[in-house]
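**Student:** I'd like to ask you about the structure that follows.
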Amino acid sequence: MSNHSRKLRIAQVLPELNEGGVERGVVELNREMVKRGVESIVISKGGGLAKQIDRDGGIHVHMDVCSKNPFSAPARSLELRQRLRELRPNILHARSRVPAWLCRFANRPLKIPFVTTVHGINSVSPFSKVMTTGEQVICVGEPVRQHIIKHYNTNTEKITVIPRGVDLSVFNPEAVNPEEVRSFRGKLGLEDKFVIGSVGRISKVKDFETVISAVAHLGKSYSDMVGLIVGGTSRKRKSYAESLQNLADTSHPEGIVFTGSQSNMPMVYSCCDLLVNASPLMGNVARTLLEAMAMDVPVLSLKLEGMEKLVRDGENGYIFNKGDHRDLAEKITMALENPPPVHASPSRTSSHSTAWWIQHFLSIHC
């Protein structure tokens with residue numbers, strides 16, 4: 001490095017720090033960086049997880065890197081440039097598209113080594129292409145890597161695949177308090193119920209409609225079956241959340257429970273008998289599947305290219321077709337009649353390998 005007198009300093013930039021796989025990954029990476037003696041900075045509009053950044057020894061900088069308003073973008077990129085001048089990071093790590101665009105403009109005169117992480121299979125567009133413009137690009141799975149090569153002709157030499165993982169010290173069935181599980185189930189009226197969970201922020205990309213419709217379809221035969229939708233709702237998605245509630249009310253009254261945002265996810269998984277992920281954008285690397293498997297909960301996953309590396313149909317889970325609630329219902333029935341073994345061994349949290357990789361990148365480029 002050109003300046004050996006100061007510590008490595010890394011700035012992660014993401015829209016907000018509420019719930020979600022990206023957000024939790026940022027929190028974990030912040031923690032791992034601090035453990036390695038790296039000065040960790042996180043720039044976001046804030047949220048429920050912002051205080052955790054500071055508690056774990058990092059620095060959270062509050063700034064609007066979230067808004068998609070193009071008219072305010074120039075002013076916000078100039079503000080980000082000034083913040084970066086003050087913070088002097090050795091590396092700039094964009095974790096989402098709007099922050100990546102702001103970083104690109106802010107960083108032009110600063111020339112800070114720039115890394116992006118592509119977290120899923122987004123729609124193909126110039127807006128999404130920005131995630132491939134880092135000097136180095138991290139992909140969370142091989143299907144994501146293939147996606148950006150195919151659609152953006154991304155240089156393969158600058159791509160590194162770092163699969164998502166699970167912190168097994170946290171997602172450990174033996175570490176969950178049974179009384180908390182009983183209390184949570186009781187509060188939601190889940191006693192003596194067969195619970196099919198689906199986890200994620202309330203967003204169209206999660207396709208909760210298919211999950212709700214499948215549970216409603218099965219509710220005619222299984223009166224003790226309940227669908228559990230776990231995730232918070234942002235203000236801008238309030239109308240969509242209401243449409244989901246209406247679907248639940250009309251198709252399966254009292255058979256679908258919305259919990260809102262939850263912080264104790266190991267306890268939530270312990271309340272579920274099955275875990276479903278129906279999102280077509282997870283790129284075969286859904287954090288919720290890995291976490292559920294770590295908690296010994298059988299999983300049902302959308303059919304995606306490369307998914308067999310994680311969920312093997314009929315062996316450690318079941319695969320269903322995109323948007324097909326009848327196929328999902330059939331697979332739920334199969335899981336009821338022939339529960340798949342759940343002796344999964346998810347990899348350790350990807351934040352460990354990401355932390356190592358970024359330090360390696362710094363040793364080469366600084």
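Throughout, read-outs are computed from the coordinates displayed, never taken from laboratory work. Every value quoted in this text rests on a predicted model; they were computed, and no experiment measured them. Cβ atoms come from the backbone with ideal geometry, glycine included; neighbour counts cover every protein chain shown.
**Student:** Sorted by packing (mean other beta-carbon atoms within 10 Å per residue), highest first, where do 205-211, 153-159 land? Please list the in-between numbers first.
**Tutor:** Values: 205-211: 21.7, 153-159: 12.9.
Per-residue mean Cβ counts within 10 Å order the peptides as 205-211, 153-159.
**Student:** Identify the residues of the stretch 34-53 with backbone N under 15 Å of a label point that sits 7 angstrom from the Cα of S169 along the Cα-to-Cβ direction, or state none.
**Tutor:** In the stretch 34-53, the label zone of S169 (backbone N under 15 Å from the point 7 Å along Cα→Cβ) covers 34-37.
**Student:** If you don't mind, another one. Could you pull out every residue, at least 5 positions away or on a different chain, whose amide H is within less than 5 Å of the one on I43? Hs are placed 1.01 Å off N in the peptide plane, and Pro or chain starts have none.
**Tutor:** Q12, V13, L14, V61
**Student:** Need the full-extension length gain, S125 to D296, defined as separation in residues times 0.36 nm minus the C-alpha distance. One decimal, nm. Before the final figure, lay out each step's value.
**Tutor:** On the way: separation 171, 0.36 × 171 = 61.56 nm, distance 3.84 nm.
Separation in residues times 0.36 nm, less the Cα-Cα distance, equals 57.7 nm.
**Student:** Further question: Could you list T288, T160 so that the one with the fewest beta carbons within 10 Å of its beta carbon is first and the one with the most is last? Display every interim value, and only then the final one.
**Tutor:** Values: T288 25, T160 18.
Placing the least packed residue first, the sequence is T160, T288.
**Student:** Still on this structure, I have one more. With θ set to phi - 60°, apply the Karplus curve 6.51 cos²θ - 1.76 cosθ + 1.60 along the stretch 243-252 and write out the HN-Hα couplings as whole Hz, x wherever there is a Gly or Pro.
**Tutor:** 5, 5, 4, 5, 4, 5, 5, 8, 9, 8
**Student:** Cα to Cα, under 20 Å, and not fewer than 8 places away if on the same chain: which aspartates and glutamates meet these conditions relative to K187?
**Tutor:** The reachable aspartates and glutamates, counting only those whose Cα sits under 20 Å from K187, are E179, D224, D249, E254, D273.
**Student:** Would you mind computing, in nm to one decimal, how far apart the modelled labels at N177 and Y222 are, each placed 7 Å from Cα along Cα→Cβ?
**Tutor:** 3.0
**Student:** On to the next question. Given R₀ = 41 Å, FRET efficiency for Q82-N321 by Cβ-Cβ distance, to 0.05? Don't skip to the answer; put the middle values down first.
**Tutor:** On the way: r = 50 Å, r/R0 = 1.22.
After rounding, the FRET efficiency stands at 0.25.
**Student:** Additional query: Within the set K7/K51; K150/K303; K206/K331; K45/K303; K45/K238; K206/K238, which residue pairs have Cα atoms separated by over 25 Å? If you can, show how the numbers build up before the last one.
**Tutor:** Values: K7/K51 23 Å; K150/K303 20 Å; K206/K331 18 Å; K45/K303 34 Å; K45/K238 19 Å; K206/K238 15 Å.
Table pairs above 25 Å Cα-Cα are K45/K303.
**Student:** Within the stretch 195-222, whose backbone N sits under 16 Å from a point 7 Å along Cα→Cβ of Q245?
**Tutor:** 202-203
**Student:** Around L228, which amide H atoms from residues at least 5 apart in sequence, or from another chain, sit under 5 Å from its own amide H, with H modelled in the peptide plane?
**Tutor:** For L228, the qualifying residues are I196, G197, S198, V257.
**Student:** I would also like to ask the following. Obtain the nm distance between the two label points defined at K51 and E330 by a simple spin-label model: each point lies 7 Å from its Cα along the Cα-to-C-beta direction.
**Tutor:** Going from the K51 label point to the E330 one covers 4.9 nm.
**Student:** Gain in length, H151 to E337, computed as 0.36 nm per residue apart minus the alpha-carbon separation, to one decimal in nm? Walk me through the intermediate numbers first.
**Tutor:** Working: separation 186, 0.36 × 186 = 66.96 nm, distance 4.16 nm.
Fully extending the segment from H151 to E337 adds 62.8 nm.
**Student:** Arrange the following residues from fewest to most other Cβ atoms within 10 Å of their Cβ: H252, H119, H62, H151.
**Tutor:** Details: H252 21, H119 25, H62 13, H151 16.
Listed from fewest to most nearby Cβ atoms, that is H62, H151, H252, H119.
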